[in-house]
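A.B. asks: Quick one: structure below, then a few questions.
Just so it is clear, none of the values below were taken in a lab; they were calculated from the coordinates. Note that the coordinates shown come from a computational prediction; the quantities given were computed from them, not determined experimentally. In this analysis, Cβ positions are derived from the backbone assuming ideal geometry, glycine residues included, and neighbour counts consider all displayed protein chains.
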Amino acid sequence: MVVLVVYVTIARADPANTDFDEDKEILKGNAAVGILVAALLLASANIMHNAFAPMLDTVHSYVTRGAGGASRWQIAGYVLANLALGFVIVVGTLSFSLRLFGRLMRTEKSRPGKELERGNVAVGILLSTIVLIVSMFMAEGVQALSRSLIPPTGGRIQIMP
């Protein structure tokens, strides 16, 4: 799963950035772009980690206590749908936040994407910080959404007297 998260993040980040080719910039040694890509990977991992927790709880409950009326295929369907939703939220949120910040910071003389292409590390750090802050706020929301969409598995609840 981790490799898939990293791959999707890198694959989706490239077309989302129209100001420069991040692969070429990283190969040229552009530290500003490298910092931003690293922050995107950390942010997506943070959000997906919180999306995985409810799914793991569901699978654990199914394995240890039974399905409570849900079939193995229904549980697998819930888990896969939740994963897909998490990926959509990660890609959409991070792409939207970078684009919005880029538009807000654009002036007649500079654009954040062009500054990154020039190797402006300060802009890379600033954009990376924004990405990480967005992921910190989104992670809890994604986890809450994931928990609400996966129906609870059955089983017995014991209450101690």
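A.B. asks: Mind listing which GluC sites (Glu not before Pro) in region 77-129 are in a DSSP loop and have 13 or fewer other Cβ atoms within 10 Å?
C.D. replies: In loop regions of region 77-129 (DSSP not H, G, I, E or B), the sparsely surrounded GluC sites (Glu not before Pro) are Glu108.
A.B. asks: Given charges of +1 on the Cβ of Lys and Arg and -1 on the Cβ of Asp and Glu, with all other atoms neutral, how large is the dipole of region 30-143 about its Cα centre, in debye to the nearest 20?
C.D. replies: The calculation lands at about 280 debye.
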